[in-house]
Amino acid sequence: MTGPDAPRTTTAPHPRGRRRPRGAGRVPAALLLPALLGLAFLVLPLLGLLVRAPWRSLPALLTGPEVWQALKLSLLSATLATGVSLLLGVPLAWLLARTEFPGRRLVRALVTLPLVLPPVVGGVALLLVLGRNGVLGRWLDAWTGVTLPFTTTGVVVAEAFVAMPFLVISVEGALRAADPRYEEAAATLGASRLTAFRRVTLPLVAPGIGAGAVLAWARALGEFGATITFAGNFPGRTQTMPLAVYLAMESDPEAAIALSLVLLTVSVAVLAGLRDRWMSTP
Amino acid sequence: MKPSEAAPDARPALDARLTVSRGAFTLDVPLSAEPGEVLALLGPNGAGKSTALRALAGLLPLSDGHLRLDGAPLDSPADGLFRPAEQRPIGVVFQDYLLFPHLSALDNVAFGLRTRGLRRAAARAEALPWLERMGLAEHAGRRPAKLSGGQAQRVALARALAVRPRLLLLDEPLAALDARTRLDVRAELRHRLAEFEAVAVLVTHDPLDAMVLADRLVVIEGGRVVQSGRPAEVARHPRTDYIARLVGLNLYQGTADGRRVTLPEGQVLATDEDLTGPAFVAFPPDAVTLHRHRPETSARNLFPCTVAGLDLHGDRFRVDLTGPLPLAADLTPTAAADLDLTPGTRVWAAVKATQTHAYPA
């Protein structure tokens, strides 16, 4: 234990060894080649989409009523699914980040399971639980007359199931990075835990919540497997853009390309928005 | 100025025995203070100061002991009673202030008033005078990131005081400031604390902050109180080597006029800083040289003194001197032997003006 007025020792004033000038190192070909190949693998298919796009007939294809229907449904359901994810996911993330309870690690693993679970499996599972004869669906049907499968609400449920983990992970990370002592400061000023959460924690992690919401929204927009399994493929009711793309590939490949272009545009816009607004801030 | 709100049963306003066990470490610190009193918990890192502060704030429950404020129990493990921070009439100034980064200075100060049920406009109206008092009215709309260290410290103090706490807690309130700002803020904080009508507890590892700001020091080492008392008393009669090194400081308050500071009893100290008005003068005990006969010296401060006591602390003798002003001097054992010092010995004490530090009070 040293006194406060003990002399300060400076440690390692100069780094040992010579410093490598910046950018001077040569990149080994064994790394460069596969790296470039990997880049091409990721980018070329998207370029192909642009090259083979039927630009001339595009306006006609995109203004067709089916496309509008699918796009509208996709935007609506993805947005609703994001809303549901926010409503349930933010408190869940808070619970995981700020409280200690037995089995917390297990709960965390369960929450992230849909991230790695094949979406089709998720759809089957949803059907078994929320289907008309499902474990919970039976009661839901008997008590409220509501059935979820093969409805637009079912689309929202399927998308939220797949998308919410992205939001939870993102918000939990933001909460862990946020200094919990701000909540202590709020407590010393008379704020209950809920007030501190509302007036201090939420604003502090708003960028993380925003990033998580965008990720969840993008994931919901592209959702295919769980949606088609749980909600089916009814134009105007449950047929979202990805489903429309898949179906169009069989009948009208040009329409499929056109629809894909729309989704690609949305994805690029989301990525650009993410980078500028959120990815740069810690 | 200091309302006597002593409880009818004559218990002190702050009445605590803070016992916190954490693994191998145990904090066991009795504390008591009257309204208007400023208490400083002084000790090295890891001594348990912050733990004590957190226990007082209600951010950490006691393992044993008790905590009462103005007669009301806040924590009493024996009765299973614990009032968390949000239910205590406290104000806390954190070491790095913890101003809410997303709120303006004004809304930071208004925060505690809002949680007490005031509407936004009313809370702001009540918060503004606090910023004005701190000379920060024109910065009310600024975010904490746009405030200087000294300004942020004052906003943090205003935020803590705005809820009119019965117990003000300050955690290393000056540690985050640079040396120059520190002088000003320390002087200002001193005035604020002097005005404050309830109990204030200050945690610091800086003996100068503690001696300037506090009415009473409580020195903590390894979770225990090793000494407590008025700052000058502790400085002149350190009970352990650690305290002798830590609070080895001669500190006087007087009125400065250029490079001279006149003490209330009329003695004059020559200093190296050009100041006017109320001022402190401080110098370490090893800046004092002792002589059996009046020396021919360039030292500007020369006082005839009498040795009152002599203690060996580590490799130094701490000599307690009385005379025109109380003094502590540190000598090597050889020097002490050469001078043949015993209680009652009359000596001359010399201090160079360049070895003193004067700063506004």
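Counted as qualifying within the stretch A:174-264 are the helices (runs of 4 or more DSSP H) with 2 or more residues that are without any contact (Cβ under 8 Å) to a residue 60 or more places away in the chain and within 14 Å of another protein chain (Cβ to nearest Cβ), namely A:181-188, A:193-196, A:202-221. Search the stretch A:140-173 for residues being surrounded by fewer than 24 Cβ atoms within 10 Å (Cβ to Cβ) and among the aromatic types (Phe, Trp, Tyr), and hand back the single one that is farthest from the other protein chains (Cβ to nearest Cβ). By that ranking, first place goes to A:Phe150. Candidates are the residues of the stretch B:88-98 that are crowded, with 20+ Cβ neighbours inside 10 Å and closer than 22 Å to B:Gly36 by Cα; the one that is nearest to the other protein chains (Cβ to nearest Cβ) is B:Val92.
For (1) touching a helix residue (DSSP H, G or I) at 6+ places or on another chain (Cβ under 9 Å); (2) at pLDDT 95 or above; (3) within 14 Å of chain A (Cβ to nearest Cβ), each residue gets a yes or a no:
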site	(1), (2), (3)
B:Arg159	yes, yes, yes
B:Leu167	yes, yes, yes
B:Glu172	yes, no, yes
B:His191	no, no, no
B:Pro207	yes, no, yes
B:Val212	yes, no, no
B:Ser228	yes, no, no
B:Tyr242	no, no, yes
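Residues in the stretch B:275-317 that are surrounded by 17 or more Cβ atoms within 10 Å (Cβ to Cβ), charged (D, E, K, R) and within 17 Å of B:Thr356 (Cα to Cα): B:Arg300 only.
In the stretch B:49-87, the qualifying residues are those that are over 23 Å from the mean Cα position of the chain (by Cα) and among the charged types (D, E, K, R), and the one that is nearest to the other protein chains (Cβ to nearest Cβ) is B:Glu86. Touching a His at 6+ places or on another chain (Cβ under 6 Å), more than 9 Å from chain A (Cβ to nearest Cβ) and not β-branched (Val, Ile, Thr): is that true of B:Ala105 in this structure? Yes. Annotation note: of B:Ala282, B:Ala256, the sole residue that is within 25 Å of B:Gly43 (Cβ to Cβ), among the aliphatic types (A, V, I, L, M), in contact with a strand residue (DSSP E or B) (Cβ under 7 Å, 6 or more places away or on another chain) and assigned to a strand (DSSP E or B) is B:Ala282. Filter the stretch B:163-186 for residues that are in contact with a strand residue (DSSP E or B) (Cβ under 7 Å, 6 or more places away or on another chain) and closer than 22 Å to B:Gly43 by Cα and give the result. Within the stretch B:163-186, B:Leu167, B:Leu168, B:Leu169, B:Leu170, B:Asp171, B:Glu172, B:Pro173, B:Leu183 qualify. For the residues B:Arg22, B:Arg11, the requirement of being exposed (fewer than 15 other Cβ atoms within 10 Å of the Cβ), touching a helix residue (DSSP H, G or I) at 6+ places or on another chain (Cβ under 9 Å), more than 30 Å from B:Glu126 (Cβ to Cβ) and away from every other protein chain (no Cβ under 14 Å) singles out B:Arg22.
The values are calculated or read from the model by the stated rules, or taken from the named source; none is laboratory data. It should be emphasised that the depicted structure is a prediction, and the values quoted were computed from it without experimental measurement. Virtual Cβ from ideal backbone geometry, glycine too; neighbours counted across all protein chains shown.
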